[in-house]
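Written below as structure tokens is the structure these notes are about.
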Amino acid sequence: MLALHQFDYLFAIGMIFAFLDAWNIGANDVGNSFATSVSSRSLTYGQAMVLAACCEFLGAVLLGSRVADTIRNKIIAVSLFQDSPATLMLAMVCAVIGSSTWLTIATKLGAPVSTTHSIVGAIIGVGVATYGKDGVNWGWKGFGQIVASWFVAPAVAGCFAAILFLTTKYAVLERGDHALRNAFYLLPVYFCFTTAVLSLVIVWKGAPNLNLANMSPSGIAASVLGVVGVTLLLYLVFFLPYLRRRIIKEDWTIKWYHIFLGPLLWNRGEVPPAPPGATVVQDYYSGHRFEEHERSAGSIEKDIETGVNLSESVSSEIPAGAQTTDAEVSQLAAEEKKQPLGWPCYHPLGFLHLIYRCLTHGLRQDVVAYQLSGNGGFLAGNVQRRNENVPHYDNKVEHLYSFLQALTAGTASFAHGSNDVSNAIGPLTTIYIVWSTNKVGSKNSIPVWILVYGGAAIAIGLWTYGYNIMRNLGNRLTLHSPSRGFSMELGAAITVIFATKLGLPISTTQCIVGATVFVGLCNNDLRAVNYRMIAWCYISWILTLPCAGLISGILMGIIINAPHFEAQYQLSN
């Protein structure tokens, strides 16, 4: 028997807006994290969606925190609600409404914001509305950390990312004819170092349910060395022969699944003659060489408006080596747009087809083409001017780093799903516990079905609208390539490790933006970074707390101070 059955409507509203909050985490926070991998072309948008959806969902369900603070980050004290648990339930409903509303607005505007700061700002709002300014912890353990994170997280992540990229730049990328050789020498070192760092991310931040943070130093060292040993073995047995065959021997016939052949690739035989147009690795700088463009920015914008991924669909219809005019590209795009959408709306299967179109809408967006088109007005700036002096490196060397970036992105996504899913389901758990028990506790156990609920909402948000944040970042901030993207993501992961252990305020969103900016500055050209977009990010971060707090606080204040109406008459026949 439910303790507060009369407040079923509050639980229902909390479920709806908690889903919206988690949906926005996927569309905004996770979209921002994977913008680097997609913008550098290490992963296609479809590959990023599958990898992120699996890692986020599994991280949330398998290793998600089963114990969440009743009040996020202890911004307000639970003891204030001991005599009125229903008020706490109402406060969490208002908080999740305020947080999800602000995140929806920010995601629509393409503003990368911290989902953690959004829910904290919303809780500050309900705390002030309920108990005044004294009901909120304004010190370092509360509001002070949020303000400090606007500057600490980007700066620390940027420094780590810059060190990594400068090491790669001068040891590998700018070594001329020896660049590829040096890359092969350093690749196993990078693989082992990356997996060691990501193991610490899982131990210290990404797996609270396993209590790995309480392991002894010797246990942690043994675990990390074990992971490094397995990584090195897999590299020598499978990756090295695959990369040698593909990069050194330039075998154009080899596919991704041939990596499982491992040692058999050492004696595969002679490479057959390559047909015209065959390539070993893709051009990671395609679209950045503006003097080589056969299509104008205007034609690219027209392509994007069709809603199809022209880099895959239209280009596949153009023979290799052929030059295509703007008119031909526009004609191909128009023909693609005229293709039938499937079952009509009046058909019994029309509704199912509509759902399919919604869920796969993001897959039909060309994120990189949008970033390079210049479409975006004042914030986009002049992409050509920003990138004209940025050095371009050997595509074979860049291809080696694409594997490292995919590894970094997947593991960081797994840790993010297990840790940050509580931003949405933490308030929902409080609502559910109070609704079912009419009790207030300092810590609440999170049911598995709520973890599944939040993880599914994150995955759906990323699939359906993650492209909007991706196309507004990435190459809009600075030029991306696999070597640069790997440094950005690993720098952000290292920051997560140190900040978590030292108790410093961090935000995944702010870490990746800071790392991107600092790597851009390593191109020896101050114009290589879009300072308008940096200002836009900071404005978004600063507005998150007050906007989410105002929405939730005003709503909470109106409800708890509203006049209570009771019927004083009887209906007569």
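The values are calculated or read from the model by the stated rules, or taken from the named source; none is laboratory data. All values reported here derive from a predicted model rather than from experimental measurement. Cβ atoms come from the backbone with ideal geometry, glycine included; neighbour counts cover every protein chain shown. These accessible areas exclude ligands, DNA and RNA; they are computed on the full protein's heavy atoms, side chains included. Shrake-Rupley method; radii C 1.70, N 1.55, O 1.52, S 1.80 Å.
At-a-glance table
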{"quantity": "Matching entry among Ala196, Ala171, Ala183 (being within 30 Å of Leu451 (Cα to Cα) and either open to solvent by less than 60 Å² (accessible area, probe 1.4 Å) or without any contact (Cβ under 8 Å) to a residue 12 or more places away in the chain (or both))", "calculated": "Ala196"}
{"quantity": "Neighbours by Cβ (under 6 Å, 6+ apart or cross-chain): first from segment 261-280, over 12 Å from Glu250 (Cβ atoms); second of a type in the set (Val, Ile, Thr) and surrounded by 11 or more Cβ atoms within 10 Å (Cβ to Cβ)", "calculated": "Gly262/Val237"}
{"quantity": "Residue count for segment 212-268, restricted to those that are on the phi > 0 side of the Ramachandran plot and open to solvent by 60 Å² or more (accessible area, probe 1.4 Å)", "calculated": "1"}
{"quantity": "Some residue of segment 560-571 being open to solvent by 90 Å² or more (accessible area, probe 1.4 Å), closer than 19 Å to Cys159 by Cα, at pLDDT below 90 and not β-branched (Val, Ile, Thr)", "calculated": "no"}
{"quantity": "Residue in segment 465-473 that is touching a helix residue (DSSP H, G or I) at 6+ places or on another chain (Cβ under 9 Å) and modelled with pLDDT of 90 or more present", "calculated": "no"}
{"quantity": "Neighbours by Cβ (under 7 Å, 6+ apart or cross-chain): first from segment 224-243, in contact (Cβ under 8 Å) with a residue 24 or more places away in the chain; second polar (S, T, N, Q)", "calculated": "Val224/Ser199; Val227/Thr195; Val227/Ser199; Val228/Thr195; Thr231/Thr195"}
{"quantity": "Flag for Ser33 being small (Gly, Ala, Ser), modelled with pLDDT under 85 and touching a His at 6+ places or on another chain (Cβ under 7 Å)", "calculated": "yes"}
{"quantity": "Any hit, segment 393-415, residues being open to solvent by 20 Å² or more (accessible area, probe 1.4 Å), closer than 30 Å to Ala196 by Cα, modelled with pLDDT of 80 or more and within 16 Å of the chain's Cα centre (by Cα)", "calculated": "yes"}
{"quantity": "Scan of segment 1-40 for residues that are crowded, with 24+ Cβ neighbours inside 10 Å and part of a loop (DSSP other than H, G, I, E, B), ordered by number", "calculated": "Ser40"}
{"quantity": "Positions within segment 214-264 being part of a loop (DSSP other than H, G, I, E, B) and among the β-branched types (Val, Ile, Thr), in sequence order", "calculated": "Thr253, Ile254"}
{"quantity": "Given (1) buried (at least 24 other Cβ atoms within 10 Å of the Cβ); (2) over 26 Å from Met49 (Cβ atoms); (3) charged (D, E, K, R), index of the condition Arg471 fails", "calculated": "(2)"}
